[in-house]
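Below is one structure, written out as structure tokens, with a few remarks after it.
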Amino acid sequence: MNHSKIAIAILPLLLGACATTQVKPNVAPAAKPVKVAKPVQPVKAGPALPNVALSDQILFEFLFAEIAGQRGNLAVANEYYVKLAEETQDPRIVNRALDISLYSGQNRDALAMAQLLKKLDPSSEKAKQAISMLLVHSGNLEEAKPNIAKTLSQLDEASLSRSLMQLDSIFSQQKDRKAVLKVVQELAQPYLSLPEAHYAIGTAALRAGEFQQALVEADKALSLRPGWDAAALLHAQVIQATSPAAVEPYLEGFLKQYPKAEAVRLALAKYLVAEHKYPEARREFMTLLKLFPSNQDISFAVALLSVQLGDTATAIDEFRDLLKKGYKQPDLIRYYLGQSFELRKEPAEAEKWYRSVSGGVQYLPAQVRVAYLMMKRKDVEGAVRHLHSLHVSDPVQKLFLIQAESQLLHDSGNFRQAYELLHRALKEHPDNPDLLYDFAMAAENVGRIAESEKKHRKLIGIQPDNAQAYNALGYTLVEHSTRYQEALPLLQKALDLAPEDAYILDSMGWLQFKMGNLPSAVDYLNRAYMVRRDPEIAAHLARALWSQGKHEEAQNLIASGLRANPGNDALKKVKKELLH
């Protein structure tokens with residue numbers, strides 16, 4: 001079994017940056033509870049200043065506080081500024097003390113300073129907003145409500161709409177979401193003629209788990225402003241929480257009615273990526289690209305999805321165009337160009353692009369691919385030298401290169417060297433889960449089955465929810481012993497943890513085959529092959545089909561597998577045994 005390969009990662013960034021299992025409305029992110037915005041309206045006249053003499057003691061404390069702050073000793077700076085503010089009652093010093101308290105996270109002092117500033121300067125919007133935020137942060141929602149309500153009542157229409165959209169986010173740190181919903185409803189009550197008010201209530205209801213109310217409020221917002229993307233996305237979020245299968249039809253239906261709703265189309269595209277519906281996702285991203293031809297992030301998404309779909313020509317065109325236009329991460333583009341040409345079976349061009357990666361997080365993976373391409377052209381020694389030339393000091397990067405080298409040695413048939421390399425590494429890092437797994441697999445490859453079993457069991461002890469560890473141990477027992485009854489619960493545990501994993505399904509199918517349960521074996525192996533067209537899975541399935549008397553089906557499977565993987569040893573072996 002070789003289920004630990006250096007895979008060509010096609011969509012890590014796309015899935016990380018674009019995909020999400022929830023569709024989120026187009027609203028600003030929640031502000032930190034103690035962050036205070038600039039006043040909505042400037043203060044026309046400053047507050048009266050106290051008649052306090054600038055004594056030597058005050059001057060000393062002021063300078064001491066400033067120096068402490070500049071040196072990063074915020075606790076001392078805060079202590080002295082609060083003391084100065086209380087002594088002088090000077091709104092300028094109180095204002096500075098408030099800033100220091102907020103910045104240093106001293107919320108109790110910050111609330112005291114905000115209240116003092118409001119006392120000295122009743123018109124201070126900063127003081128009012130700080131009091132509201134700090135009361136919310138401390139959980140005093142009812143105390144905060146009058147201040148927030150007054151602030152809302154003084155806003156112009158545009159500012160009011162924006163504030164209502166962000167109303168629920170003010171309470172983002174509160175655990176009692178039912179209480180938050182109650183407060184948001186009361187604050188939004190005077191503004192129910194505005195769609196943003198219903199959006200605010202709907203968002204709070206969603207987070208409180210009141211899905212029906214959230215749906216009603218989203219639809220009220222849409223009735224007040226038909227085609228509004230934020231309300232449509234709120235509606236989609238509610239569906240995601242209650243009926244996930246209905247999200248896609250809803251978004252598609254909305255886009256048929258409002259085809260220019262770009263935020264909704266982007267949400268649909270991201271949703272489709274998360275659902276692994278790559279052709280449909282690319283279609284939506286390409287539609288967005290027509291609307292926003294200069295948007296490089298959308299171009300990047302189209303390129304990555306094109307690689308995933310095997311359309312390397314489109315991918316290469318998009319990647320090259322992004323380079324010409326000065327994409328913000330050129331090394332990332334060069335790395336993916338290398339992957340595209342590698343998938344296109346143009347290793348020389350792929351290596352050129354990999355070697356052009358000059359830095360960033362893609363540098364080491366690119367150099368590993370260079371080494372792998374060298375190995376593929378039978379220059380194993382050169383490949384190993386290339387990896388050894390990469391001098392890194394970071395422990396994580398060192399382990400990455402050790403694992404890459406061991407995989408390269410394995411794939412080139414140098415099992416003993418891979419075993420010895422990992423044996424040395426494991427002496428330095430005896431409890432590293434990745435090294436334990438790789439070493440156990442390497443030990444199996446050199447016939448050290450007992451040692452392999454021991455390391456797999458140690459890994460399970462360290463990571464009791466590691467599905468691959470259970471699978472590897474179970475498969476080892478199936479392949480190298482007749483301890484089938486011992487392997488069965490291990491593989492069942494692996495399936496419980498990862499029920500759709502192709503390799504685990506394959507292992508269970510192979511166990512069923514060894515136990516003589518042919519219908520069950522074919523069922524598991526078919527499921528595995530549907531998930532992943534792996535040549536080893538094909539070889540196992542062909543044997544099971546042949547044993548069932550389905551010779552033609554087995555022959556066709558072997559033939560198609562060899563067309564896709566002409567040099568695969570497992571398929572060549574099963575062909576020799578069954579067909580000759």
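What follows is calculated from the coordinates using simple rules that are stated; it is not laboratory data. For clarity, every value in this text was computed on a predicted model and none was experimentally measured. Because the Cβ atoms are built from the backbone with ideal geometry, glycine has one as well, and the counts that use them run over all protein chains shown.
Of note:
- Applying the Karplus relation 6.51 cos²θ - 1.76 cosθ + 1.60 with θ = phi - 60° to segment 209-226 yields 3J(HN,Hα) values of x, 8, 5, 5, 5, 4, 5, 4, 5, 4, 5, 5, 4, 5, 5, 7, 9, x Hz, where x marks Gly and Pro.
- Listed from fewest to most Cβ neighbours within 10 Å, the set R424, R96 follows the order R424, R96.
- Evaluated with a Cβ-only charge set (Lys, Arg +1; Asp, Glu -1), segment 305-391 carries a dipole of roughly 180 debye about its Cα centre, given to the nearest 20.
- The trypsin sites (Lys or Arg not before Pro) of segment 195-279 that DSSP puts in a loop, and whose beta carbon has at most 11 other beta carbons within 10 Å, are K260.
- About the Cα centre, charge dipole magnitude for the chain (Lys/Arg +1, Asp/Glu -1 at Cβ), debye: 780 debye
- Toward the positive end of the charge dipole of the chain, with +1 on the Cβ of Lys and Arg and -1 on the Cβ of Asp and Glu, the farthest Cα among N517, F292, V574 is that of V574.
- Listed values for segment 323-334 are Karplus-derived 3J(HN,Hα) couplings in whole Hz (6.51 cos²θ - 1.76 cosθ + 1.60, θ = phi - 60°), namely 4, 4, 7, x, 3, 4, 10, x, 5, 4, 5, 4, and x replaces Gly and Pro.
- Dipole in debye (nearest 20) - segment 352-455, about Cα centre, beta carbon charges: Lys, Arg +1; Asp, Glu -1: 460 debye
- The Rg/Rh ratio of segment 213-297, with Rg taken over Cα atoms and Rh as the Kirkwood radius over Cα pairs, comes to 0.98.
- Residue-wise HN-Hα couplings along segment 148-155, as the Karplus relation 6.51 cos²θ - 1.76 cosθ + 1.60 with θ = phi - 60° gives them from phi, are 5, 4, 5, 4, 4, 5, 9, 8 Hz; Gly and Pro carry x.
- Taking the C-alpha atoms only, the angle from helix 177-188 to the longest principal axis of the chain is near 50 degrees.
- Unit Cα scatterers, Debye sum, the chain: log10 I(q)/I(0) for q = 0.05, 0.06, 0.08, 0.13 Å⁻¹: -0.35, -0.50, -0.83, -1.27
- Cα-based values for segment 357-420, radius of gyration first and Dmax second, are 11.3, 33 Å.
- Distance distribution note for segment 431-580: the fraction of Cα pairs above 23 angstrom is 37%.
- Scaled against 2.2 N^0.38 Å for its residue count N, the alpha carbon radius of gyration of segment 538-580 is 0.99.
- Solution diffusion estimate, µm²/s, Stokes-Einstein, segment 243-293, Kirkwood Rh from C-alpha pairs, 20 °C, viscosity 1.002 mPa s: 197 µm²/s
- Taking the longest Cα principal axis of the chain as reference, the axis of helix 395-411 is set at about 20 degrees.
- Computed from Cα atoms, the angle from the helix 56-70 axis to the main principal axis of the chain rounds to 20 degrees.
- Cα gyration tensor shape of segment 305-391, rounded if a/c is under 1.5, else prolate or oblate by comparing a/b with b/c: oblate
- Exceedance of the 23 Å cut-off in Cα-Cα distance is limited, within the set K378/K427; K182/K220; K325/K352; K119/K182; K455/K493; K378/K575, to K378/K427; K119/K182; K378/K575.
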